[in-house]
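The values are calculated or read from the model by the stated rules, or taken from the named source; none is laboratory data. Computed from a predicted model, the values in this text were never measured in an experiment. Note: ideal-geometry Cβ built from the backbone for every residue, glycine included; neighbour counts use all protein chains shown. Accessible surface is based on the protein model in full, side chains and every heavy atom, while ligands, DNA and RNA are left aside. Shrake-Rupley method; radii C 1.70, N 1.55, O 1.52, S 1.80 Å.
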Amino acid sequence: MNENQKREEFTHCWLEAEPSVSAYVFASISSFHDAEDVVQRIAQELARRFDEYDLNRPFVAWALWIAKSRVIDFYRAEDRTRVVFSDELLGQLADTIAAQADGRSGRREALEACLDELPPMSRRLLDLRYVEELSAEETAREIGSTGGSVRVLLSRVRTALASCIERRIAMENA
């Protein structure tokens with residue numbers, strides 16, 4: 001396999017595995033930005049070590065094995081004094097995500113499509129709350145509203161997203 005073919009094969013494998021790796025990392029690391037950084041480091045390591053990957057085995061399992069190590073490294077590097085998850089629990093989480101990998105990509109695609117359909121203000125609320133990790137009160141100050149109003153609006157947006165996702169998945173399965 002030449003270098004171009006290796007790159008193409010890696011890209012294909014990574015695009016299939018990325019939703020599962022991201023789910024694992026985001027479930028293991030509470031800070032959105034830290035989790036994003038770890039996912040990027042995992043992708044870089046997978047690309048660098050792709051020659052070690054056995055093409056006869058599931059890529060997602062190999063990627064999650066490396067992801068587990070990088071999550072553990074993250075907590076070591078952060079010099080965390082408290083243990084957030086045990087190695088055993090991280091392994092069980094990786095196994096569960098690997099088993100559910102096929103269904104997850106369909107849900108993610110539906111979520112992305114539904115997010116694109118949201119009105120700009122709803123999308124802004126989600127970004128402030130979940131990407132920038134602002135509290136309801138901080139989000140309210142950003143948009144000139146009250147914390148209670150933001151909580152109600154976020155609840156409505158989450159409900160609308162859930163309904164949209166279920167509709168899209170039902171249409172896909174029909």
## Note on the structure
Residue pairs qualifying under the 7 Å Cβ cut-off, at least six apart or on distinct chains, with the first in the stretch 95-121 being of a type outside the set (A, V, I, L, M, F, W, C) and the second being modelled with pLDDT of 85 or more, are 104/19; 104/20; 104/23; 105/19; 108/19; 117/164
### Message
Every residue in the stretch 101-157 that is acidic (Asp, Glu) and out of contact with any Gly (no Cβ under 7 Å at 6 or more places or on another chain), please.
### Response
102, 109, 112, 116, 117, 127, 132, 133, 138, 142
#### Entry: Pair list, Cβ under 9 Å, 6 or more apart: the stretch 158-174 residue in a helix (DSSP H, G or I) and at pLDDT 85 or above, other residue loosely packed, with under 13 Cβ neighbours inside 10 Å and among the hydroxyl-bearing types (Ser, Thr, Tyr)
none
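If you take the residues of the stretch 128-137 that are within 18 Å of residue 159 (Cα to Cα) and surrounded by 14 or more Cβ atoms within 10 Å (Cβ to Cβ), which of them is modelled with the lowest pLDDT? Don't jump to the end; show me each part of the working.
If we filter the stretch 128-137 for residues that are within 18 Å of residue 159 (Cα to Cα), which is where we start, we get 128-130, 136.
Remaining after also requiring surrounded by 14 or more Cβ atoms within 10 Å (Cβ to Cβ): 128-129, 136.
Numbers: 128: 87, 129: 84, 136: 87.
Restricting to residues being within 18 Å of residue 159 (Cα to Cα) and surrounded by 14 or more Cβ atoms within 10 Å (Cβ to Cβ), the top hit is 129.
In this structure, is residue 27 open to solvent by less than 40 Å² (accessible area, probe 1.4 Å), modelled with pLDDT under 90 and of a type in the set (Gly, Ala, Ser)? If you could, list the steps in order and put the result at the bottom.
Details: open to solvent by less than 40 Å² (accessible area, probe 1.4 Å): no; modelled with pLDDT under 90: yes; of a type in the set (Gly, Ala, Ser): yes.
Here the answer is no, as residue 27 does not meet what is asked.
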### Filtered residues of the stretch 138-157 (kept if open to solvent by 80 Å² or more (accessible area, probe 1.4 Å) and under 23 Å from residue 34 (Cβ atoms))
142
### Message
Please return the ranges of helices (runs of 4 or more DSSP H) entirely within the stretch 31-127 where 2 or more residues are closer than 30 Å to residue 172 by Cα and modelled with pLDDT of 75 or more.
### Response
32-48, 59-77, 101-117, 120-126
